[in-house]
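Accompanying notes for the structure given below.
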Amino acid sequence: MPKKVDFECCGLHEVCEKDSLRAIREDIEYYEDEELDRFRGRTTYSEEEVEEFREVLYTMRTDEVSGWLHSLELRQVNLPDELKDEVLLIVGDLIQ
């Protein structure tokens, strides 16, 4: 049977946890990244802007990354496409 695709899913994990994460925590938690709120609703970023996201990503503990992604989602801040592979590697290492 074909897998139903959720086009609102962030795509950063094999099984979408979007609904279960929403049920767990609706409060927004910040990761010393309040400045990223100015990107709310954006889907494209300059190289300098991608570097701002990358700096936040690599200054947090690896076990905080999934919480950070959920925080960005709640804040309607889209992760730059350029960072999705890097995030997948970090999150994938936590699963193994």
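The values are calculated or read from the model by the stated rules, or taken from the named source; none is laboratory data. Not measured: the values here are computed from a predicted model. Every residue, glycine as well, gets a Cβ built from its backbone with ideal geometry; the counts of neighbours run over all protein chains shown. SASA here: full protein model, heavy atoms, side chains in, ligands and nucleic acids out. Shrake-Rupley method; radii C 1.70, N 1.55, O 1.52, S 1.80 Å.
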Could you rank 26, 48 by how accessible they are, 1.4 Å probe, largest area first?
48, 26
Sequence of 42, 75, 54 when ordered by accessible area, the most exposed leading, probe 1.4 angstrom
42, 54, 75
Mind ranking 28, 90 by accessible surface for me, highest first, 1.4 Å probe?
28, 90
On the accessible surface of the stretch 52-96, probed at 1.4 Å, how many percent belong to carbon and sulfur atoms?
49
Kirkwood hydrodynamic radius (C-alpha pairs) into Stokes-Einstein, the stretch 35-96, 25 °C and 0.890 mPa s, D in µm²/s:
206
Residue 74 versus residue 29, label points 7 Å from Cα toward the beta carbon: distance in nm?
0.8
